[in-house]
Amino acid sequence: MLPIALDKATRVIGILMHSYKEYVALMELHDNVDSNKVIETMKLFIGKIYQRPPLRSSVKRTLRVREIYSLDVLEIEGRHVLFKVRCESGTYIRKLCHDIGLLLGVGAHMRELRRTAVAHLTEDLNLVTMQNLSEALYIWNRYKDDTLLRKYIVPMEYIAAHLPKVLVRDTAVDAIAHGAQLAVPGIAILSKNINKDDTVAVMTLKGELVAVGRALMSSEEILKAEKGIAVEINRVIMDPGVYPKAWKSSKDKPQIQQAMN
Amino acid sequence: MKEKGLEFIRTLDRIAGLNQEYVVKIDEDTNEKYGYLPYERPTELYIRSGLIVLDKPPGPTSHEVVAWVKKMFGLEKAGHGGTLEPSPM
């Protein structure tokens, strides 16, 4: 599977760049090995491992540490080992197979690989094929019926679904869309379990993603506070002008004064 | 209006396997004049604010597949959430 962000959603997809990935892989051993030995040896790869990126890769080929969160053998048939691995972003599964082969003493290589999840976005969630997409687009263009399109495409908010959420008042939305920080008085509803420094999704009361930022206060502190910056905004998603401008820029002040005179 | 918004937020939490509680700081509703409930965006905007979880064919690279999708929908931008590397193999 491959999560693809369309147009505006491109601004959000980067938050998944460094999150964990899950794959199902088929490894072929180069000689017969007892199944139990294979299973026990593979267990040794759970945790932090060293990997040197392969020749055919786009990163610098220096030894680096990657974490394997889980590694489960699903099936062994002769020299074929089917397994599921959950790992840190940037782990080379081909390399992992090679290294398992070295430790087993017989050699091994990767035959097939399929990604099953990028963070919380899994294969079970609305998996669509290129054919599905082209069909849905045809029906929309030809008959103006968007039912299939709406089935195959999910709102970009799904990308940030794993984050704690801060819902802001309509009057705070446009300031954030213009790059302002989120101050306490702009907050309407929030997740109860936010810790300081957590990455949070800033959303409207309709559930639209406005921005992604870092909490400068915990939920408890936000509830108690009357002012101050609650969330430092790192990435603005919403276009300016969607919600009304309820704030005054320094440029506006003279005009207001003029109007008062 | 905000009940519908909260319902969507709970859908997001469910997708991510979160069981979050929410607390209200200021009890205020949202005006339907501005923005949209994500599932009720007009078609063009719905597409341009969308995510596709693609069953990627094994041959082409992620970048090639993204380029096709971009062309299909006539979009200026599209990006994927794979790895930085061209191929994790």
Subject >> Tabulated pairs, the range A:228-244, first in the same structural domain as A:A180 (by TED's automatic domain parsing), second hydroxyl-bearing (S, T, Y), C-beta under 7 angstrom, 6+ apart or interchain >> reply: A:V242/B:Y34; A:Y243/B:Y34; A:P244/B:Y34
Original post:
What is the residue count in the range A:82-92 for residues that are crowded, with 20+ Cβ neighbours inside 10 Å and at pLDDT 95 or above?
Top reply: 3
Subject >> Leading residue by the ranking (nearest to A:V33 (Cα to Cα)) among those in the range A:55-71 that are under 25 Å from the mean Cα position of the chain (by Cα) and within 13 Å of chain B (Cβ to nearest Cβ) >> reply: A:R66
**OP:** Scan A:R94, A:R114 and give me the residue that is closer than 21 Å to A:S19 by Cβ, within 10 Å of chain B (Cβ to nearest Cβ) and assigned to a strand (DSSP E or B).
**Re:** A:R114
Subject >> Members of the range A:1-40 that are in contact (Cβ under 8 Å) with a residue 12 or more places away in the chain, part of a helix (DSSP H, G or I) and within 19 Å of the chain's Cα centre (by Cα) >> reply: A:K8, A:A9, A:R11, A:V12, A:I13, A:G14, A:I15, A:L16
Original post:
Would you call B:L18 buried (at least 16 other Cβ atoms within 10 Å of the Cβ) and part of a loop (DSSP other than H, G, I, E, B)?
Top reply: yes
Original post:
Among the candidates A:E232, A:E221, which residue alone is assigned to a helix (DSSP H, G or I), at negative phi and either of a type outside the set (G, A, S) or out of contact with any Ser or Thr (no Cβ under 8 Å at 6 or more places or on another chain) (or both)?
Top reply: A:E221
Subject >> Any chance A:L74 is away from chain B (no Cβ under 12 Å) and part of a strand (DSSP E or B) >> reply: yes
Original post:
Out of the residues in the range B:35-85 that are more than 8 Å from every other protein chain (Cβ to nearest Cβ) and of a type in the set (A, V, I, L, M), which is nearest to the chain's Cα centre (by Cα)?
Top reply: B:L45
Subject >> Those residues of the range A:175-208 which are crowded, with 19+ Cβ neighbours inside 10 Å, part of a loop (DSSP other than H, G, I, E, B) and at the interface with another protein chain (Cβ under 7 Å from one of its Cβ atoms), in sequence order >> reply: A:L205, A:K206, A:G207, A:E208
Subject >> Odd one out for B:E32, checked against (1) within 7 Å of chain A (Cβ to nearest Cβ); (2) farther than 29 Å from A:N132 by Cβ; (3) out of contact with any helix residue (DSSP H, G or I) (no Cβ under 7 Å at 6 or more places or on another chain); (4) of a type outside the set (S, T, Y) >> reply: (1)
Original post:
Out of curiosity, is A:A211 more than 10 Å from every other protein chain (Cβ to nearest Cβ), buried (at least 21 other Cβ atoms within 10 Å of the Cβ) and not β-branched (V, I, T)?
Top reply: yes
Subject >> Residue check for A:Y69: loosely packed, with under 15 Cβ neighbours inside 10 Å and of a type in the set (S, T, Y) >> reply: yes
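The values are calculated or read from the model by the stated rules, or taken from the named source; none is laboratory data. Everything numeric here is computed off the predicted structure, so don't read it as measured data. Methodologically, a virtual Cβ is constructed for each residue, glycine included, from the backbone with ideal geometry; neighbour enumeration extends over all protein chains shown.
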